[in-house]
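Participant: Provided herewith is a single structure, encoded as structure tokens, for subsequent inquiry.
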Amino acid sequence: MRNKPIRVLVVDDSPLIRELICDLLAQEQGIEVVGTASDGKRALELIAELHPDLVTLDLQMPKMDGLTTLDHILASDPLPVIVVSSLTQPAADITMQALERGALDYVPKPVNAQEVRRALGQELPAKIRGLAGADVRRILHARQSRALRQERNGEHFEPGLYGRMVAGCVAIGVSTGGPPALSKLFASLVPPLPPIVVVQHMPRMFTGPFASRLNSLSAITVKEAATGDILRPGFAYIAPGGAHLALVRRGDDVQVSILDGEPVSGHKPSVDVMMFGAAEAFAEKCMGVIMTGMGRDGTDGCAAIQAHGGYVLGQDETTSDVYGMNKAAFLEGHVNQQVALDDLAETITHEARFRCASQCVPQFV
């Protein structure tokens, strides 16, 4: 149990956002704002002077931009950094870069008064508490030791070549630490593979650029999911931010449905919603994968996959930025096998070919 308050430095070029963050964090027990800065140069000065436990960081600032500031923070005495990012396409692209460089998480800036309390008064304090004290050096070392882009031998398989040879599905749930972990995973996946469905906790505007990023890294085709998509082997579907992804079987096909509604397990999109649908649609040919992230979203979904005869992999503690969602599922008995991130692609490939292949096809080659 942490006895001292979490000392936070707030960095943002908007006086309004700085004031909102400071006012809302002042209401939180165990969190103390020790300083504010309006640009990256001043932020670095205050870090050296105040030695905060965590930094909230805007990315679009004068004098020194957020990415440069982040690089300096991580190069000297690494601190947990939470990006506070605008909900625009350019900001989403830069946020993806920040997460890959070493920021641990992000919170979208509120777009209206109704969003202020949720984003800055609820989501941000929860993430500050979850990431305070994180071993940033360990996380950076693990990330830097993995090449996001890997040289591939052999040709990329076209989805049409496998026809109906894959009858199952891989359902992946991930949150904090997910973007770099998924980049590593997708860069390592080699087809043929069954359709893959992913829920990464992200707001609207972020999932499209993220899907494009994964698509550029991977031998399989990655897209942001849309209502009416038919799951196809060799494709991965990323749940859009701010909506639930449901799966519905229609005859021989399984179709994506993007739904509005209340958060489930505290999230929207929810891993549980996606995994419930995957378990119903694919039964014993569904494989769940629960990865790094705070909270317990996906625990019930993993249980549903097992109850329908499926198999669940969990990312292990050592390679997780935050051992939370995967820990909850493991402790409740809903993970069949824990795997290091470096071994996850190979394990998914092996298990998918064993468990998800159509009965009429003897074996993958």
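Any read-out appearing in this document is the output of simple, stated calculations on the displayed coordinates, not a laboratory observation. In this text, all values refer to a predicted model and were calculated from it rather than measured experimentally. Cβ coordinates were reconstructed from backbone atoms using ideal geometry, including for glycine residues, and neighbour counts include every protein chain displayed.
Participant: In the stretch 2-29, which residues have a backbone nitrogen under 19 Å from the label point lying 7 Å from Gln122's Cα in the Cα-to-Cβ direction?
Facilitator: What the label zone holds, given the 19 Å backbone N cut-off, is 20-29.
Participant: Let me ask another. Which of these, Phe354, Phe210, Phe282, has the largest mean-square fluctuation under a Gaussian network model of the chain (Cα springs below 10 Å)?
Facilitator: In this elastic network of the chain, the residue with the biggest mean-square fluctuation among Phe354, Phe210, Phe282 is Phe354.
Participant: Report the residue, chosen from Pro125, Pro80, Pro269, that carries the largest GNM mean-square fluctuation when the chain is represented by alpha-carbon nodes joined by springs under 10 Å.
Facilitator: Among Pro125, Pro80, Pro269, the largest mean-square fluctuation in the Gaussian network model of the chain belongs to Pro125.
Participant: Given R₀ = 41 Å, FRET efficiency for Leu16-Glu100 by Cβ-Cβ distance, to 0.05?
Facilitator: Details: r = 29 Å, r/R0 = 0.70.
That gives a FRET efficiency of 0.90.
Participant: By count of other Cβ within 10 Å, fewest leading, how are Met275, Met202, Met64 ordered?
Facilitator: By the 10 Å Cβ count, ascending: Met64, Met202, Met275.
Participant: Using the Karplus curve 6.51 cos²θ - 1.76 cosθ + 1.60 with θ = phi - 60°, what ³J(HN,Hα) values do you get for each residue of the stretch 227-236, in whole Hz, with x for Gly and Pro?
Facilitator: Here the 3J(HN,Hα) series is 4, x, 4, 9, 4, 10, x, x, 10, 10 Hz.
Participant: Give me Asp12, Asp343 ranked fewest to most by other Cβ atoms within 10 Å of their Cβ, as a rough exposure proxy. Write down the numbers at each step before the final one.
Facilitator: Numbers: Asp12 25, Asp343 15.
In order of increasing Cβ crowding within 10 Å: Asp343, Asp12.
Participant: What residue among Cys286, Cys302, Cys22 has the largest mean-square fluctuation in a Gaussian network model of the chain, using Cα springs under 10 Å?
Facilitator: Cys22
Participant: Choose one of Ile220, Ala98, Ser38: the residue whose Cα lies farthest towards the positive end of the charge dipole of the chain (beta-carbon charges +1 Lys, Arg; -1 Asp, Glu; about the Cα centre).
Facilitator: The listed residue farthest towards the positive side: Ile220.
Participant: Work out from phi, with θ = phi - 60° and the Karplus expression 6.51 cos²θ - 1.76 cosθ + 1.60, the ³J(HN,Hα) of each residue of the stretch 66-75, listed in order in whole Hz, and give x for Gly and Pro.
Facilitator: Per-residue couplings from phi come out as x, 5, 5, 4, 4, 4, 5, 4, 7, 7 Hz.
Participant: Follow-up question, since we're still on this one. Nearest 500 deg cm²/dmol is fine: what mean residue ellipticity at 222 nm does the chain get from its DSSP H runs of n ≥ 4 alone, each adding -39,500 (n - 2.57), divided by its residue count?
Facilitator: On the way: 13 runs with 132 residues, N = 365.
Calculated from helices alone, the mean residue ellipticity at 222 nm is -10500 deg cm²/dmol.
Participant: I would also like to ask the following. Collect residues whose amide H, placed 1.01 Å from N in the peptide plane, falls under 5 Å from the amide H of Ile6; neighbours closer than 5 in sequence don't count.
Facilitator: Ile31, Glu32
Participant: Among Ser257, Ala181, Val273, which residue has its Cα furthest toward the positive end of the charge dipole of the stretch 159-355, with +1 on Lys/Arg Cβ and -1 on Asp/Glu Cβ?
Facilitator: Toward the positive end, the furthest listed residue is Ser257.
Participant: Could you tell me which of Tyr237, Leu57, Pro209 has its Cα farthest along the dipole of the chain towards the positive end, charges placed at Cβ (Lys, Arg +1; Asp, Glu -1), taken about the Cα centre?
Facilitator: Value: Tyr237.
Participant: Here's something else I'd like to know. What is the magnitude of the charge dipole of the chain about its Cα centre, with +1 placed on the Cβ of each Lys and Arg, -1 on the Cβ of each Asp and Glu, and no other charges, expressed in debye to the nearest 20? Intermediate values should be presented prior to the final figure.
Facilitator: Details: 33 positive and 42 negative charges, 63 e Å.
With Lys and Arg at +1 and Asp and Glu at -1, about 300 debye.
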